[in-house]
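The values are calculated or read from the model by the stated rules, or taken from the named source; none is laboratory data. Keep in mind that what you see is a predicted model, and the values were worked out from it rather than measured. Note that we place each Cβ from the backbone using ideal geometry, even for glycine, and neighbour counts take in every protein chain shown.
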């Protein structure tokens, strides 16, 4: 069940990401919803699942994007592993630590992704610091809000059921 939920979350993020692909600022995506899902699921499930989630999400995203297959997969795999380790070693349930993890994970992802493209001489990036930082802050905000919503939903259903039972 957990694997199906993770795959469903990745599929939903991929669908939204491709649908909202027109939401770009100066050639850089404003958000990376797939990365947000990878970071959240890795924080919650640990480094081993983070590697699996990151590699699956990254490879599927690479295949859909039509670029070099594997660069995004490797970047998301490293992010999944790193955030999975952070989730097991530190308490990252409060909004501020989660925000910091989402921001740092986005910066790591961009460094690996762009670094591999430059290292392989496939593409050059002209000082992407502002775009990476804006995406990192956006991912951090959406990641924290999304995590809060996801974690409130099960309790909301239980409270709703309890109210129905108490009325009868």
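When you check residue 6 against the structure, is it over 24 Å from residue 116 (Cα atoms) and surrounded by 14 or more Cβ atoms within 10 Å (Cβ to Cβ), yes or no? Talk me through it step by step, then tell me what you get.
Numbers: over 24 Å from residue 116 (Cα atoms): yes; surrounded by 14 or more Cβ atoms within 10 Å (Cβ to Cβ): yes.
Yes.
Tell me yes or no: at least one residue of the range 101-122 is under 21 Å from residue 4 (Cα atoms) and crowded, with 19+ Cβ neighbours inside 10 Å. Within the range 101-122 (the criterion being under 21 Å from residue 4 (Cα atoms) and crowded, with 19+ Cβ neighbours inside 10 Å), the answer is no, since none of the residues qualifies. Scanning the range 126-135 for residues that are farther than 11 Å from residue 110 by Cβ and in a loop (DSSP other than H, G, I, E, B) yields 126, 127.
From the list 70, 50, the one residue that fits, being within 22 Å of residue 12 (Cβ to Cβ), touching a helix residue (DSSP H, G or I) at 6+ places or on another chain (Cβ under 7 Å) and either surrounded by 15 or more Cβ atoms within 10 Å (Cβ to Cβ) or touching a residue at least 12 places away in the same chain (Cβ under 8 Å) (or both), is 50. In the range 83-97, how many are buried (at least 20 other Cβ atoms within 10 Å of the Cβ) and closer than 19 Å to residue 133 by Cβ? The total comes to 1.
Let's see how each residue does on (1) assigned to a helix (DSSP H, G or I); (2) under 20 Å from residue 74 (Cβ atoms); (3) at pLDDT 95 or above; (4) touching a strand residue (DSSP E or B) at 6+ places or on another chain (Cβ under 9 Å):
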{"position": "91", "(1), (2), (3), (4)": "no, no, no, no"}
{"position": "103", "(1), (2), (3), (4)": "yes, no, yes, no"}
{"position": "106", "(1), (2), (3), (4)": "yes, yes, yes, no"}
{"position": "111", "(1), (2), (3), (4)": "yes, yes, yes, no"}
{"position": "124", "(1), (2), (3), (4)": "no, yes, no, no"}
{"position": "137", "(1), (2), (3), (4)": "yes, no, yes, no"}
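Return a yes/no flag: does the range 142-158 have any residue that is touching a residue at least 60 places away in the same chain (Cβ under 8 Å) and either touching a strand residue (DSSP E or B) at 6+ places or on another chain (Cβ under 9 Å) or part of a loop (DSSP other than H, G, I, E, B) (or both). Walk me through it before giving the result.
Step one: filter the range 142-158 for residues touching a residue at least 60 places away in the same chain (Cβ under 8 Å), giving 142-143, 146-147, 150.
Add one more test, that the residue is either touching a strand residue (DSSP E or B) at 6+ places or on another chain (Cβ under 9 Å) or part of a loop (DSSP other than H, G, I, E, B) (or both), and what stays is none.
No - not one qualifying residue is present in the range 142-158.
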